[in-house]
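Participant: For reference, the structure I am asking about is given below.
Any read-out appearing in this document is the output of simple, stated calculations on the displayed coordinates, not a laboratory observation. Because the structure is predicted, anything quoted here is derived from the model rather than measured. Methodologically, a virtual Cβ is constructed for each residue, glycine included, from the backbone with ideal geometry; neighbour enumeration extends over all protein chains shown.
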Amino acid sequence: MDILLFLAKRFIAGETFEQAKVVVKGLNDAGFLVTLDMLGESVTSKGQAERARDSYIQLLGDIYKLALNSTISLKLTQMGLDIDDAYCCENIMKIAEAAVNYKNFVRLDMEGSGYTQRTIDIFKKIHEVYPENIGMAIQSYLYRSKKDTAHAMENRHRIRLCKGAYKEPPDIAYPDKMDVNKSFEDIMKELLLKGNYPAIATHDERLINIAKTFARENNISPDGFEFQMLYGIRRNLQKKLLSEGYRIRIYVPYGRYWLPYTIRRVRERKENLFFVLKNIFRR
């Protein structure tokens, strides 16, 4: 428990918005963009889902009132995806409507592969109504992701590219890290060339340098994309990129469900634990 509490203090911005807003303000003052993630997933009742939905709508209002430079990110299982797809879509539609009213943006996180197509289907429905205020994530370790990216670019979807953090079978995901990285690089270059303000979410300095070089060689402005990194991870690298004129968005999780969140991430995939431990003493 002590080690989990230590990890939480380093990588999670507190249990309440009152605590998180201090972190966001500090990051904004330093020049960073932020996306806030209210921890919680895999809800099993409509009451839980609706409380999460209403909390996110309140969060959008608080961000607006305090003039924080922060978007929001959420998981569909927190909004009732395990209960009913149409019900989940309804909840997210209400959050997206609030994002329009508060001039903000909602990113749908990707979860395990069993949710991938359902997440994309719900995203498409919301994108038809609120195309400027909704985006989603694509995970480079899935074989299907290049095809999903091509479809996303055709339809001007806003994409956050990440590697993926869930344990997946080798028949649907690359088991080898080198293949995951190669897929990430290929998709990243396509998004930089043809995407709609893509978000490159990685702490891998080699891939970051490839992105910088590729953008420079293809006359892609630093304003045309952003890098995204986790709160508390590679902080010196975050500052370095910011000083070079790149847009950096910090993904800031908070909430009272930090313990189940941390335990689940560690249990899901050993690489998650190795990644965190490797970065504890790295600035």
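Participant: Which of E41, E128, E15 moves most in a GNM of the chain, Cα contacts under 10 Å?
Facilitator: E128
Participant: Output the relative contact order of the chain, whole-number percent, from Cα pairs under 8 angstrom with separation of 6+ residues.
Facilitator: 23 percent
Participant: Treating only the Cβ of Lys, Arg, Asp and Glu as charged (+1, +1, -1, -1), what charge dipole size does the chain show about its Cα centre? Round to the nearest 20 debye.
Facilitator: Dipole magnitude for the chain comes out near 880 debye.
Participant: For H203, H157, which order do you get if you count the other beta carbons within 10 Å of each Cβ and list the fewest first?
Facilitator: By the 10 Å Cβ count, ascending, the order reads H203, H157.
Participant: Please identify, among R249, R206, R158, the residue showing maximal mean-square fluctuation in a Gaussian network model of the chain using a 10 angstrom Cα cutoff.
Facilitator: Evaluated over the chain, the most mobile residue of the options is R206.
Participant: Among rounded, prolate and oblate, which fits segment 2-280 when a ≥ b ≥ c are the square roots of the eigenvalues of its C-alpha gyration tensor, a/c under 1.5 means rounded, and a/b larger than b/c means prolate?
Facilitator: rounded
Participant: So for the pair S45, I220, with labels modelled 7 Å out along Cα→Cβ, what separation do we get in nm?
Facilitator: My value for the distance between the label points is 4.7 nm.
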